[in-house]
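Reading through the structure tokens given below for one structure.
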Amino acid sequence: MRALVCLLLIVGISPAQVQNAADVNAGVYTTVLAQGSLAVINYSQVTSTPVLSATVSLLSANSTTPVPAQVTGVKPFTISFVVPVGTPLGDAQLIYKPGSQATQWTRVTIVPANLSLFRTGSSGPLLAQNINPDGTPVLNGLTSPAQPGQPIVLWGTGLGVTPQSAIQVALGGVAQTVLYAGAAPGQAGLNQINFQIAPGTPDGCYVPLTVTYFSQSFTSYLSKTSDGLPCHHPFQLSVAAMKLLDSGTSIQTGEIALTTGIQAPSSDRASRQESAQVLGLYLNATNIANYFTVPPSAAQPCSSLTNGLSAGSLGGFDPSTLGAMKVQSAISTLTLPWTQPPQTDSTLSSLPPPAISGGNWTWSTAGGANLQASSFTFVLPPPVQIAGNSPLTLNRSQNQTIAWNGSGFDSSAMLRLSLSGQYPGLSVLTCSVPAQAGSLILPANLLAQFNSGSTGSLSVSVSETGSGIPYAQFNQVNGSPLLMIVSWSSTDARPVDFQ
Amino acid sequence: MKVLRIAILLCTLAGISFAQVGNVLNAALYQPTNLEVLNGVVANGAVEVIEGFGFVSTIAPANIVAPRMLAVLTYAAPEIIASLGPFPPAASVAATLFLRPVGSNSVIPLTVTNAVSGAITFVVPSNFPLGGAELLYQIDNQPTQWTNVNVVQSSFEFFRISPGGPAIAQVPGEEGSSGDVGLATPAQPGQTLLLSGSGLGNGSTVSATIGGVTATVTYAGAYPALGLDEVLLQVPSGVPDGCYVPVTFTYNKTTVTTTISKTSDGSPCKHPWQLSVNDMKTLDSGGTLASGVVNLSSQLNAVTSTIASRNESANMSLSQIGAGGIASYFTPAPAVSGPSCSTVTLGTAGSIPAVNGIFSVLQPIPALPDLGSTITLKSPTTSITLTGGEAPSGYYFSQNLPQPADGSLDNLPTSIPSGKWTWQSSGGKDLPASSFGFTLPAPIQLNGNAPISMRRDQDQTITWNGAAFDAGATVHINLSGTAALVTCTVPAGTGTVTIPAALLSGFAANTIGTLTVNLNESGSFLPHAQFQLQNGSTLLVVVSFSSNDSRAAAFQ
């Protein structure tokens, strides 16, 4: 503690973090700001005196005179401001002075446009408005979808001086009629994109939305039905549960996490490592939408990866309140909240059969404080297994094909491959493909980054996505909904020799 | 701490699917634990909760080994909980290790010399082929895991008394006896020094200097014990005396630096902080002294010439300091002999910490001396009052330094001016009211305005108020941009450094960045004083002064 206090005093004010104002709820930070956009500075407050005012200016790379920016809001630790439209493009020092504190600065890059739409999570739900015939706006949601012909208002910032003619909106892959796109009247720094739901737009709780401007695009989703009634949720949530989500309330969710993995340091030293556990989570509209809208639900070509971690915060509850639980197949019974079957070495060709095998399963509880005796059935795919022996040999000068037991998977199962090299290269290559493809090709141009004569590790991981995730809904003793979902994943990891 | 611990556990679980859970490093670099006090301030001598987990604190390339090297595999281990200190003993485990060279389907069994939960010490076979390899390890009949390693010709390090500190050195005597080299028992001219290490591999071209004088390497190679190397150096004549005489050992084309204590007659060295022989004996035997480090910091920030500020702080921290801690103040700074700028490749540096068991232990904390309620730092124009350090806190801090405020670059007053200062304690039960005088240099300040314009096609010279600094002051320069970082280290007294155009060209035209110069005093130039506490032990007080100047830069 003493060291921490000392460190804080020595370090003083930490550098500010900057956000596009539309990304605040999503927790996304940036150093790229569009001309005319509304942005937010998150700074450290070094005095106990309340900060009631602030000044912000931008000093471009080839200037010695900062350009003042309009400050639109000052709160503890945050300053909202509008990037001056005339700020030169390129690097600039963002100079800010909170209250009577000393002026600080941080580096940003000014671009013509960098659109982001206001939303509550990383990709959505959007804070979009459905406009009723009488002109009243209703927030788009699971129980208040958009309807055909209805005008929709999207709020964002970062369009810059992009003309309306350069902006296209597609919903569910169907081009929409843009009614207006540009500055929001009377709202400094804000943009408004109004469009009308086109005929043929598909229904859904999470209909993909793409706003394209010049060569850039922003993607999210909206809820849309043909009759304006609540959407049919892919987890078959009740209207009451969806209303809770629309109102910002979280619903209790039991996540049954089943993992089965092969680790094969060599063909004669391989093991199967498995676990089953249940987690009690509170999931909000964003958390549930993420099951259907964020990668890896889409295939991604192989690419080099910059190492990074994503973080999320989910509240939890004690799953024991749901009673004594187990998951059971024809050959295995795994007790919850936690089971780890025995793990031992064997040969790769004669691994013990998986405890978490493909086929029919049943989750059941004897009943507890919050839930009566209940059960539901679901189907799991077989564990993934890479074809061939261990270690794998990869020729860096040619495309290399990695194959696995693809026929066992449905169309919702996605496979993510990671290929890592050793220090000091720290090269990482990742790809995502539908697991049922059964193979993928590692391009020679990406393999070339690994050192010849070095070793690495290759791992494939399969998980179900979107509507392929097993689920069930129950009513708890107190009447509140309980969503149960099965989070299954299967891996196979092996050493690699690069030639 | 709890959050970090949970994060590590999650990483450990995540690692199951990717197998890369182990890290390997030279045994000479392995530091077994890093401890963290959980509950902050408690009473002197009370029992406090300390948690820790194995952590490789040395900045070192991970997973690089050499033939014959004694190496340590660290891996995620189960939590160990001890209800009462001392530090929990590591549980023995059964470990079987193999190495598999790239391109081979056969594995080579390894000799394990020590196996405790979280850390397995082993020897790399002498005939193992160079290049990529996999280290396979099986612990207590659990499934076999693996980690990638790179086998190089040599990767040497000395065993030291602390990370980066003096090497553990001995003077071999007659009939196999040996004496430890220490502050109170320095090496002498003509003696042969025995330094232990690991990682020389199979034959290396070696050379050495002691105090800048070439030293004969009478032997450098395998030691009778598995995996260890022995380096025998003859102390040449003409080496200046000192407690921290620089030693360089070059193998192949790589140089390792350390220090030793050396005097002409073998009598205790004259410590640059005037430590007594008894105190040096205490340090040599692994003991500690009470210490109070006064930290004075003056930071200048300037985005333009009219928008600048100075942020200053003062505090004093009481603790215990050992031989390694004191030696760290005298470790030779790299490249202080002349201007030296280099480009840092972004995103590839650093150590790879390894989880090595998690520990919870209850342990008595050492009592800190009671110096009284107030420490005062006075100059002719300034008086800084430090409070809050009464036992058991030990941390005095200032509340009367002004908050940073905007001003113009040519008129930024400082509360920590250069010149004569006095340290005064108000007096407590362990030390009566006491004082000593010391001198501070001026805060560093770059010449010129802000932002600083940097041409990328020509060498650029940066200058500062160099005349204000003595020979113990070093300046570190950081020039950072969007995708590049250039660093330089020079003696502060030179007052100037030239950044070569070849390095500046790594920045993009018409972009911006930040230029920061950091000044630090080191070694014998740090103001210091000793006081005898009521119990007869020594309190060492050191004044650590740092200052910097940070300005916006524009690349043309």
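Laboratory data are not the source of any read-out in this text; all were calculated from the coordinates shown. A quick note: this is a predicted structure, and the numbers were derived from the prediction, not measured. Virtual Cβ from ideal backbone geometry, glycine too; neighbours counted across all protein chains shown.
Under a 5 Å amide H cut-off, with hydrogens placed 1.01 Å from N, B:A215 pairs with B:A208, B:T209, B:I210 among residues at least 5 apart or on other chains.
In what order do A:K97, A:K224, B:K270 fall by count of nearby beta-carbon atoms within 10 Å, going from fewest to most?
Working: A:K97 21, A:K224 26, B:K270 12.
Ascending Cβ contact count within 10 Å gives the list B:K270, A:K97, A:K224.
Starting from the amide H of A:Q400, placed 1.01 Å from N in the peptide plane, find each other amide H under 5 Å away whose residue is 5 or more places distant or on another chain. Sorted by chain and number, the residues that satisfy this are A:L442, A:A444. Search the structure for amide H atoms under 5 Å from the amide H of B:A450, placed 1.01 Å from N in the peptide plane, and list their residues when 5 or more places away or on another chain. For B:A450, whose amide H was placed from the backbone, the distant partners under 5 Å are B:S305. Within chain A, DSSP assigns beta bridges of which about 90% are antiparallel (rounded to the nearest 5).
When we measure straight from the Cα of B:K270, which aspartates and glutamates land under 13 angstrom away, once same-chain ones fewer than 8 places off are left out? Within the straight-line cut-off, B:K270 pairs with B:D241, B:D279.
Only helical DSSP H runs with n ≥ 4 go in: add -39500 (n - 2.57) per run for chain A, normalise by residue count and round the 222 nm mean residue ellipticity to 500 deg cm²/dmol. Walk me through the numbers before you get to the answer.
On the way: 4 runs with 31 residues, N = 499.
Value at 222 nm, helices only, nearest 500: -1500 deg cm²/dmol.
So which trypsin sites (Lys or Arg not before Pro) in the range B:369-439 pass both tests, a DSSP loop state and at most 16 other Cβ atoms within 10 Å of the Cβ?
Numbers: sites: B:K378, B:K420, B:K429; in loops: B:K429.
Taking the range B:369-439 and a limit of 16 other Cβ atoms within 10 Å, the loop trypsin sites (Lys or Arg not before Pro) found are B:K429.
With distances taken between every two different alpha-carbon atoms, the protein assembly as shown has a Kirkwood hydrodynamic radius of 33.2 Å. Ranking B:S162, B:S425, A:P495 by how far each Cα lies toward the positive end of the dipole of the protein assembly as shown (charges on Cβ) leaves A:P495 at the top. Relative to the longest principal axis of the Cα atoms of chain A, the long axis of helix A:2-11 makes an angle of roughly 40 degrees.
Sequence-ordered 3J(HN,Hα) estimates for the range B:285-292 from the Karplus curve with 6.51, -1.76 and 1.60 and θ = phi - 60° stand at 8, x, x, 10, 10, 5, 9, x Hz, glycine and proline given as x. What you get for chain A, charging only the Cβ of Lys and Arg (+1) and of Asp and Glu (-1), is a dipole of about 720 debye around the Cα centre. The 3J(HN,Hα) values that the Karplus relation (6.51, -1.76, 1.60; θ = phi - 60°) gives for the range B:504-514 are, in residue order, 5, 5, x, 8, 7, 5, 6, 10, 10, x, 9 Hz. Gly and Pro appear as x. Across the range B:398-405, rounded Karplus estimates of 3J(HN,Hα) from the backbone phi angles (6.51 cos²θ - 1.76 cosθ + 1.60, θ = phi - 60°) give 9, 10, 10, 7, x, 5, x, 9 Hz, Gly and Pro being marked x.
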